[in-house]
Amino acid sequence: MPDLYNSYNQHNLVAGVDEAGRGPLAGPVIAAAVILDPEQPITGLTDSKQLGAVKRERLAREIYEKSKAWAVCRADVDEIDNLNILQASLLAMRRAVIALTIQPDFVLVDGLYCPVLDCQVKAIVRGDSTIPSISAASIIAKVARDHEMIELDDKYPGYGFAIHKGYPTKAHLLALEQLGVSPIHRRSYAPVRRLL
């Protein structure tokens, strides 16, 4: 069997997949899948965490416009609590690939683990920094999740979701102690669980 990592670029339709939101105490985990168009290259793709918000937004718009296909899917808080964050992330990734309007021949996933799919899949550690299609997925997953957390800040005011996006900052932990656990907090995470 050939080395999938070295042969992935021989496939016509390669999708990159990544997620955003494994670490936060609140909100969904969001995954994205992207099939880039070699005829419309996008400059500046890299791990979304290495980009500022303005550049992420600009690149996201370019990814939406120039990709052959893209999809963004999720696993919600109940699924995270019931399955665990790893399995929920893989579920969101699977949903994103299935939601693509063009089905890929090959899927490249950031990290150590692969979702179950009906095509060849390869996990690549730090793929979000080295594989353009995974970088693109990283960017649109992060942008989609940030937008959702800003909307949830209006629905659940006081926690600061628009600022920290659900991550366990000092301000978030303090708000959690003062306001209690909201419906979008992950009850399986220790800082939340101890307040229940």
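The values are calculated or read from the model by the stated rules, or taken from the named source; none is laboratory data. Not measured: the values here are computed from a predicted model. As a convention, Cβ positions derive from the backbone with ideal geometry for all residues, glycine included, and neighbour counts pool all protein chains shown.
Quick one: is Asp118 surrounded by 15 or more Cβ atoms within 10 Å (Cβ to Cβ), out of contact with any Phe, Trp or Tyr (no Cβ under 9 Å at 6 or more places or on another chain) and not hydroxyl-bearing (Ser, Thr, Tyr)?
Details: surrounded by 15 or more Cβ atoms within 10 Å (Cβ to Cβ): no; out of contact with any Phe, Trp or Tyr (no Cβ under 9 Å at 6 or more places or on another chain): yes; not hydroxyl-bearing (Ser, Thr, Tyr): yes.
Judged against the criteria, Asp118 is not a match.
What pairs come out if I take residues in the stretch 87-102 that are of a type outside the set (A, V, I, L, M, F, W, C) and pair them with residues that are buried (at least 21 other Cβ atoms within 10 Å of the Cβ) and assigned to a helix (DSSP H, G or I) whose C-beta lies under 6 Å away, six or more apart or interchain?
If the second residue must be buried (at least 21 other Cβ atoms within 10 Å of the Cβ) and assigned to a helix (DSSP H, G or I), no pairs are left.
Quick one: Val54 ticks every box in (1) part of a helix (DSSP H, G or I); (2) hydrophobic (A, V, I, L, M, F, W, C); (3) touching a residue at least 12 places away in the same chain (Cβ under 8 Å) except a single one, so which number is it?
Only one criterion is unmet by Val54, namely (3).
Does Ser182 satisfy being small (Gly, Ala, Ser), closer than 18 Å to Ala92 by Cα and out of contact with any Lys or Arg (no Cβ under 6 Å at 6 or more places or on another chain)?
Numbers: small (Gly, Ala, Ser): yes; closer than 18 Å to Ala92 by Cα: no; out of contact with any Lys or Arg (no Cβ under 6 Å at 6 or more places or on another chain): yes.
No; evaluated as a whole, the condition is false for this residue.
Can you tell me which residue within the stretch 72-82, out of those that are assigned to a helix (DSSP H, G or I) and touching a helix residue (DSSP H, G or I) at 6+ places or on another chain (Cβ under 7 Å), is nearest to Tyr189 (Cα to Cα)? I'd like the intermediate steps shown before the answer.
Restricting attention to the stretch 72-82, the residues satisfying the condition of being assigned to a helix (DSSP H, G or I) are 77-82.
Those left that are additionally touching a helix residue (DSSP H, G or I) at 6+ places or on another chain (Cβ under 7 Å): 79-80.
Numbers: Glu79: 13, Ile80: 10 Å.
Out of the qualifying residues, it is Ile80.
Being part of a helix (DSSP H, G or I), out of contact with any Lys or Arg (no Cβ under 9 Å at 6 or more places or on another chain) and without any contact (Cβ under 8 Å) to a residue 60 or more places away in the chain is the filter here, so list the residues in the stretch 185-196 that pass it.
Residue satisfying the conditions is Ala190 alone.
Could you please find all residues in the stretch 13-50 being part of a loop (DSSP other than H, G, I, E, B), touching a helix residue (DSSP H, G or I) at 6+ places or on another chain (Cβ under 7 Å) and buried (at least 17 other Cβ atoms within 10 Å of the Cβ)? Spell out the reasoning first.
Kept after step one, since they are part of a loop (DSSP other than H, G, I, E, B), are these residues of the stretch 13-50: 13, 21-25, 27-28, 36-47.
Remaining after also requiring touching a helix residue (DSSP H, G or I) at 6+ places or on another chain (Cβ under 7 Å): 21-22, 25, 27-28, 36-37, 40, 42, 44-47.
Listed by number, the residues that qualify are Gly21, Leu25, Gly27, Pro28, Leu36, Ile42, Leu45, Thr46, Asp47.
For the structure I just gave you, tell me whether Leu108 is closer than 20 Å to Lys68 by Cα and at pLDDT 95 or above. Steps first, answer last, please.
Working: closer than 20 Å to Lys68 by Cα: yes; at pLDDT 95 or above: yes.
Yes.
Against the condition part of a strand (DSSP E or B), among the small types (Gly, Ala, Ser), in contact with a strand residue (DSSP E or B) (Cβ under 6 Å, 6 or more places away or on another chain) and modelled with pLDDT of 95 or more, how does Ala96 come out, does it pass? Reasoning before the result, please.
Working: part of a strand (DSSP E or B): no; among the small types (Gly, Ala, Ser): yes; in contact with a strand residue (DSSP E or B) (Cβ under 6 Å, 6 or more places away or on another chain): yes; modelled with pLDDT of 95 or more: yes.
Taking the combined requirement at face value, the residue does not satisfy it.
State all residues of the stretch 69-86 that are among the hydrophobic types (A, V, I, L, M, F, W, C) and either free of Cβ contacts under 8 Å to residues at least 12 places away in the same chain or surrounded by 15 or more Cβ atoms within 10 Å (Cβ to Cβ) (or both); if no residue qualifies, say none. Please lay out each step first, then the result.
Taking the stretch 69-86 and keeping what is among the hydrophobic types (A, V, I, L, M, F, W, C), we get 69-73, 75, 77, 80, 83, 85-86.
Matches in the stretch 69-86: Ala69, Trp70, Ala71, Val72, Cys73, Ala75, Val77, Ile80, Leu83, Ile85.
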